[in-house]
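Only one structure is covered here, and it is reproduced in the block below.
The values are calculated or read from the model by the stated rules, or taken from the named source; none is laboratory data. Just so you know, these numbers come straight off a predicted model, no measurement behind them. When we count neighbours, we look across all protein chains shown, and the Cβ atoms used for this are built from the backbone with ideal geometry, even at glycine.
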Amino acid sequence: MIKVKKNKSARVCQGDIYKNIEHIEYVSEKNGIIEISKIEFPLIIVLTQDCDLQQDYRVRWSKKPPSNEDKKLISVIVAPLYNEDHVYNGEHLTELGLRMRTINRSKTEGQFLKNNEIPRYHYLKFPMEISIVNSLIDFKHYFTVNIEYLKKIRRTNYICTLSELYRERTSQRFANYLARIGLPDAN
């Protein structure tokens, strides 16, 4: 089980978990008509390093204008949290019309998943006082969100923050997944 805290900070922090986050999938224009496709994720976790978020906050919200704004972020890296049962059943992206592979929870792979031994996934079991079901992060499904958008909705959409040890472990596993060397299929 992970440890979480309620962060009273006004800024976005690494390990923050938010609910109901909109992601712009695409924007297109045809004959003067603009189409915007949005995906709303029920839960996301912030993966951007906390030092970068802290520096952005200082520059962005300081009462004294900075000499430069090179510490400002345009967006932050986030990843959706998926319901554990939905992942095992391959149903976590059915609302997007995607059928994912199933994972047998009672076999070795299911246990590896819970033990965070599969590099692509990160398992999170929340304490009882946080009303989030056991969840998985699929590191293949990350995206960015505008930092001002997260700051604006913090009061209504913020749920909790992973404690430092757990957020660093999650971030380290994400970085390792992104740094892997992809090999071509043998087929």
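Structural remarks
- Just one of the listed residues (Ile17, Ile24, Ile77) is modelled with pLDDT under 95, in contact with a strand residue (DSSP E or B) (Cβ under 8 Å, 6 or more places away or on another chain) and not in a helix (DSSP H, G or I), namely Ile24.
- Conditions (1) in contact with a strand residue (DSSP E or B) (Cβ under 8 Å, 6 or more places away or on another chain); (2) among the basic types (Lys, Arg); (3) in contact (Cβ under 8 Å) with a residue 60 or more places away in the chain; number of the one not met by Lys38: (3)
- Checking the stretch 46-64 against the condition returns a match, with at least one residue being touching a Phe, Trp or Tyr at 6+ places or on another chain (Cβ under 9 Å) and in a strand (DSSP E or B).
- The requirement of being more than 30 Å from Phe112 (Cα to Cα) and exposed (fewer than 10 other Cβ atoms within 10 Å of the Cβ) is not satisfied by Asn7.
- Matching entry among Ile74, Ile137, Ile130 (being buried (at least 18 other Cβ atoms within 10 Å of the Cβ), within 19 Å of Ile44 (Cα to Cα) and touching a residue at least 24 places away in the same chain (Cβ under 8 Å)): Ile137
- Checked against (1) under 16 Å from the mean Cα position of the chain (by Cα); (2) within 17 Å of Ile44 (Cα to Cα), Tyr177 passes all but condition (2).
- Evaluation of Gly90 against (1) at positive phi; (2) crowded, with 16+ Cβ neighbours inside 10 Å; (3) not β-branched (Val, Ile, Thr) (one fails), failing number: (2)
- Extreme residue, surrounded by the most Cβ atoms within 10 Å (Cβ to Cβ), among residues of the stretch 149-170 that are polar (S, T, N, Q) and touching a helix residue (DSSP H, G or I) at 6+ places or on another chain (Cβ under 9 Å): Thr161
- Total residues in the stretch 155-187, condition in contact with an Asp or Glu (Cβ under 9 Å, 6 or more places away or on another chain) and farther than 19 Å from Cys51 by Cα: 2
- Any chance Leu183 is surrounded by fewer than 17 Cβ atoms within 10 Å (Cβ to Cβ), touching a residue at least 40 places away in the same chain (Cβ under 8 Å), of a type in the set (A, V, I, L, M) and over 13 Å from Ile77 (Cα atoms): no
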